[in-house]
Amino acid sequence: MSDPQKQTIKVVDAFDLDDELRSLLKPGTMVRDPLGRRHRLPRYFYEIPSHEAAVQIRLAPHFGLNEFILVDLREAQRLQQFPRYVPCAVRILAFCLQQFRASVGASVHIAVNGGYRSPSHKMAINGTPHMWGTAADIYRIGPNILKTKEAIERFNEIALDLSDDVMVMPYGHETGQDADDHIHLDLGYVTVIPREISEDRMEIPQETRPRFAFEERRRRDRRAPQPAAEMAPTGTEKPQ
């Protein structure tokens, strides 16, 4: 089995997928949020080849890629089959949830249909950030099943302290506006374009010349390459 810390993930341009997948993922389509604001659906996705790969790939130390793609029959049948697709911004969500986990000091569990939902998912209404892979519905924290107002409000406050970019739903019983059996945490309408992919082509299908790349693991050395003149050996001086 390959090392999950070194495993690469294939990045694809959804405009290059087949007709059925494009019709379900709707890359680049404008949708309206509950307040009528327009947002463009993501174009770049991670391609997950198998269930085993989804389990093995870690987006954060305590979050595997599989946790963000748990769906039931409300998702389109084709999108339940491997290879599966999830927007690249899911990595930012995983980072945020890792910080949330550290703040609460317990494991964090995402509900079925609580991670990525495609635009074709029956629960994907009103431009929810779930369609960007930037929202999570958390039903359990440690041993605590989130069913009470007190628990949901307490953990909502912890989530809000993470960043001004985090939004939560208040406790309540109106679907899509409130939550009474989970915490809804989202980062808004974020899209991510991994540095390995090129954007130099038009937004039209290119199935015969697909655009894809493999995202490299950057866990240890994130420094950009330095110009040769700045890489003088230690103890020597650069030419004046």
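Laboratory data are not the source of any read-out in this text; all were calculated from the coordinates shown. None of these values were measured; they are calculated from a predicted model. Neighbour counts run over all protein chains shown; Cβ positions are idealised from the backbone, glycine included.
Computed quantities for the displayed model
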| read-out | value |
| --- | --- |
| Burial ranking of peptide ranges 78-90, 26-38 (average Cβ count within 10 Å, highest at the top) | 78-90, 26-38 |
| Options PRO27, PRO49, VAL71, ranked by Cα towards positive dipole end of segment 10-71, top entry (Cβ charges) | PRO27 |
| Label-zone membership for segment 73-95, site SER23, 7 angstrom Cα→C-beta point, backbone N under 15 Å | 76-79 |
| Dipole of segment 9-230, positive direction: furthest Cα of ILE158, PRO61, LEU185, with charges on the beta-carbon | PRO61 |
| Vicinal HN-Hα couplings computed from phi for segment 85-99 (Karplus, 6.51 cos²θ - 1.76 cosθ + 1.60; Hz; Gly/Pro x) | 10, 9, x, 5, 5, 4, 5, 5, 4, 4, 4, 4, 5, 5, 5 |
| D_trans [Stokes-Einstein, Kirkwood Rh over alpha-carbon pairs] for segment 74-133, 10 °C, 1.306 mPa s, µm² s⁻¹ | 125 |
| Amide H within-cut-off set for THR29, under 5 Å, with H built and near neighbours excluded | LEU41 |
| Positive minus negative residues near THR175 (Lys, Arg vs Asp, Glu; Cβ under 13 Å) | -4 |
| Modelled label reach - HIS62, point 7 Å along Cα→Cβ, segment 127-164 residues with backbone N closer than 11 Å | 141-143 |
| Nonlocal amide H pairs with ALA89, under 5 Å, H built at 1.01 Å | VAL192 |
| Rounded Å value of the spacing that divides the Cα centres of segment 88-130 and segment 152-183 | 13 |
| Summed side-chain charge close to GLY142 - residues other than GLY142 whose Cβ falls under 15 Å, Lys, Arg +1, Asp, Glu -1 | +4 |
| Segment 82-165, dipole about Cα centre (Lys/Arg Cβ +1, Asp/Glu Cβ -1), debye to the nearest 20 | 460 |
| Residue-wise HN-Hα coupling along segment 32-46, computed from phi with Karplus coefficients 6.51, -1.76, 1.60 (Hz; x: Gly, Pro) | 9, 7, x, 9, x, 6, 9, 9, 8, 5, x, 10, 9, 10, 7 |
| Highest average packing first - 124-135, 45-56, Cβ atoms within 10 Å | 124-135, 45-56 |
